[in-house]
Amino acid sequence: MAPTSKAIAGRSRPRFPPERNLVKPLALLAALLLLANPCAHAEQRFVPRPANGLALTPPMGWNSWNRFGCDIDEAKIRREADAMVSSGMRDAGYAYVVIDDCWQVSRDPSGNIVADAARFPSGIKALADYVHSRGLRFGIYSDVGDKTCQGRPGSRGHEFQDALQYAAWGVDYLKIDWCNAESLEARAAYETVSDALRASGRPIVLSICEWGTNKPWQWAASVGGNLWRTTPDIYDGFAGRKHNNEWLSVTDILDLQVGLEGFAGPGHWNDPDMLEVGNGGMTDDQYRAHFSLWAMLAAPLMAGNDLATMNAATRAILTNREVIAVDQDPLGIEGHRAAKEDEAEVWVRPLAGGSNAVVLLNRGSRARAIRLERSVLGLPDYVPLELRDLWSGRVVRSASGAISFDVPATAAVMLRATPSRPGGS
Ligand code: GLA
């Protein structure tokens, strides 16, 4: 705007006659400040984006990547949407059906993104309509770079065009990746996507998939992100890393969440990656631990298995309503690691109504007892507690002092601990 540029021009006019050859004290001070804090100038460019009002509890749904990778087509996605309904998952709170990478093949001469016509012959709009007709919401994937992680066209330079296309298709959720984005400044890149989604006029959840590379927990919420990945990709295992440390197990990811809990809250969540429950690489005990811990972390619960063929044990894990209620607790306070001794850990999450969710995690290869001290719940020793095991349904009452639970090897016990009146029921 003219007045601004004038003011700037005015400010930059020399205040001291050049012939005096004096160093301008203000310019020197500014240069020194910039040297002391080289980021100060860059920081000023960013203006917080308004929250979109979505994802007031962590999003729940299904995503194609963990189980199917690039092997996706419209029949498969419809089948998963059907299974989400028939399995009871929709009624348990799962809402989004998200197609991950590989649905897109090119851009048309006008720059519009083109879906793979061989795999999605009815088109993306028809698929979104089908998903909506099942009482579910529809999500899609892209990348802030020129290309996605699988070499498909990314959104760079087409952010607003793509957002308008998504809105026209009826997209409710965008997962947007960080491959081939080396030259980009992460915050600015995701800001553009956020602005584009807002300009589309359709409420679309923004799922930032930046793998934690640039500490997105520090900026993703102010950019308008509803969730942000905190780590590289998960794989279907309980402990250890794979593939040059690019794939992390459940417990490796868990360790990286410690200290991030203060950044999450209603509308903006840490995302420790999608679920592997039911994909076959872990025991049911380990999958229960995975699901329990993700609920403690207020993590988005995006199932990543084949819902159409899952067995009863997997279904029971994914639809455990009491564990889901912890994940979806309206306070939105992420749980934290409250105690750790060798391979035993105690995780605590304060819930609405005065209860706490507790996970006793045994990472070791032998069963062991794990003690729960009232102090980690912020309670004095004499407060009686009702402890409900959220997997077995068993209720234990404890009058005072610490209480121990037996936890099998590589497994977790999950409890809801509620203070009760002395002698009361
Ligand atoms: C990255 C993401 C994954 C998945 C793949 C798709 O690795 O982190 O979640 O979306 O890309 O190519």
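Points to keep in mind about this one:
- For VAL114: the one exception among (1) open to solvent by 50 Å² or more (accessible area, probe 1.4 Å); (2) in a strand (DSSP E or B): (1)
- The one condition from (1) open to solvent by less than 40 Å² (accessible area, probe 1.4 Å); (2) at pLDDT 95 or above that ASN52 does not meet is (1).
- Candidate set from segment 61-78 (those that are within 12 Å of the ligand (Cβ to nearest atom) and among the hydrophobic types (A, V, I, L, M, F, W, C)); member that is most open to solvent (accessible area, probe 1.4 Å): TRP65
- Residues in segment 220-233 that are surrounded by fewer than 19 Cβ atoms within 10 Å (Cβ to Cβ) and away from the ligand (no atom under 16 Å from the Cβ): SER222 alone.
- Qualifying positions in segment 236-253 - of a type outside the set (Val, Ile, Thr), open to solvent by less than 30 Å² (accessible area, probe 1.4 Å) and within 16 Å of CYS209 (Cα to Cα): LEU248
- Residues satisfying the stated conditions in segment 70-106, i.e. closer than 19 Å to GLY170 by Cβ and of a type in the set (S, T, N, Q): GLN104
- Among the residues of this structure, ILE124 counts as one that is more than 16 Å from the ligand (Cβ to nearest atom), among the hydrophobic types (A, V, I, L, M, F, W, C) and either within 16 Å of ILE72 (Cα to Cα) or touching a Phe, Trp or Tyr at 6+ places or on another chain (Cβ under 6 Å) (or both).
- Within segment 127-147, the residues that satisfy the criterion of being among the aliphatic types (A, V, I, L, M) and more than 16 Å from the ligand (Cβ to nearest atom) are LEU127, ALA128, VAL131, LEU136.
- Restricting segment 134-172 to residues that are aromatic (Phe, Trp, Tyr) and open to solvent by less than 10 Å² (accessible area, probe 1.4 Å), the residue that is nearest to the chain's Cα centre (by Cα): TYR141
- Residue ID - farthest from the ligand (Cβ to nearest atom), chosen from residues in segment 254-298 that are among the hydroxyl-bearing types (Ser, Thr, Tyr) and closer than 18 Å to ILE324 by Cα: SER292
The values are calculated or read from the model by the stated rules, or taken from the named source; none is laboratory data. Predicted model only: the values in this text are computed from it and were never measured. Reconstructed Cβ throughout: ideal geometry from the backbone, glycine too, with neighbour counts over all protein chains shown. What goes into the accessible areas is simple: the full protein's heavy atoms, side chains included, and nothing from ligands, DNA or RNA. Shrake-Rupley method; radii C 1.70, N 1.55, O 1.52, S 1.80 Å.
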